[in-house]
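See structure below.
The values are calculated or read from the model by the stated rules, or taken from the named source; none is laboratory data. Being a predicted model, the structure only gives us computed values, none of them experimental. Cβ placement follows ideal geometry from the backbone for every residue including glycine, while neighbour counts extend to all protein chains displayed.
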Amino acid sequence: METKGNHIIKESGHANYEQLVDFHHGLMDEESKTKIKSHLESCERCNAIYEGVKMLQDGKESEAPGFLEHVRQHQISALTNTRKSSLNASNRWKATLAIAASLTILVLLAWPLLSEDADSLVTAYIEEAHSPATIERSSATEITELNEALTLYNNGQFDQALILFIPIITKGGETGEVQFYAGLSHLLKKEPSAIEAISLFEKVLKGDSRYRQQARWLLSLAYYQSGAYNKTAELLRKISSDTSHFKYAQAAKLLDAL
């Protein structure tokens, strides 16, 4: 028989509040726990809500995310005091649901505002990354195709530039530099392809190209564009803690906006 929890995930695409509380306290059958765990690993929205629910359930309200602070002070503290008082089991459960519901409502209201701010920053950072492409060539191999590709890139014709970049990469020509500009073209083109950009930037980082530092920064933006927010935050933390990185300040600013 299909449980209520499984049905809600299939219909809405997200876990509900009662499920998250049950999951935290281990009040689910193994199949449901497995499905909730798998969903949390892939859903940033539900995972953020679950982290808040865990803090409240474990009495760690002070660790709630900064953007929840004002609601935590005006609503959650009162609800938590009620939860911690000598209520019977039924009232404790109602208080738990009220806490989770309050937290979730705030997350849902604040999420679009936070995402919009981060979206604006990412868009601006990607656009400012478009500067005239220069590649130091060690040979004249495929120099005509490369020149044409660079001209198209410099003129903002990113889709057309990719048509020429990709064969050059496949043949192993000017690998690191071309991979970098091809990855950036994937982010800048009319219909961005973050997944393709990620693959190319990761290859640049594995080599010894002089574009490695720039590729690292753009990789964090590509992670964001792909929806991999945990990877975005992880990489931004590394960049912002490295004061020698030319984008450490921007990384810190974007990290605060996530």
Matching residues, segment 219-250, being closer than 16 Å to Asp119 by Cβ and in a helix (DSSP H, G or I): Ser220, Leu221, Ala222, Tyr223, Tyr224, Gln225, Ser226, Tyr229, Thr232, Ala233, Leu236, Gln250
Would you be able to say whether some residue in segment 196-203 is touching a residue at least 24 places away in the same chain (Cβ under 8 Å), under 17 Å from Ala129 (Cα atoms) and among the basic types (Lys, Arg)? no
I'd like to check which helices (runs of 4 or more DSSP H) are fully inside segment 125-215 and have at least 2 residues that are assigned by TED's automatic domain parsing to the domain that holds Ala228, among the basic types (Lys, Arg) and modelled with pLDDT of 90 or more. 194-206
Here are some conditions: (1) surrounded by fewer than 17 Cβ atoms within 10 Å (Cβ to Cβ); (2) on the phi < 0 side of the Ramachandran plot. Leu255 meets all but one. Which one does it not meet? (1)
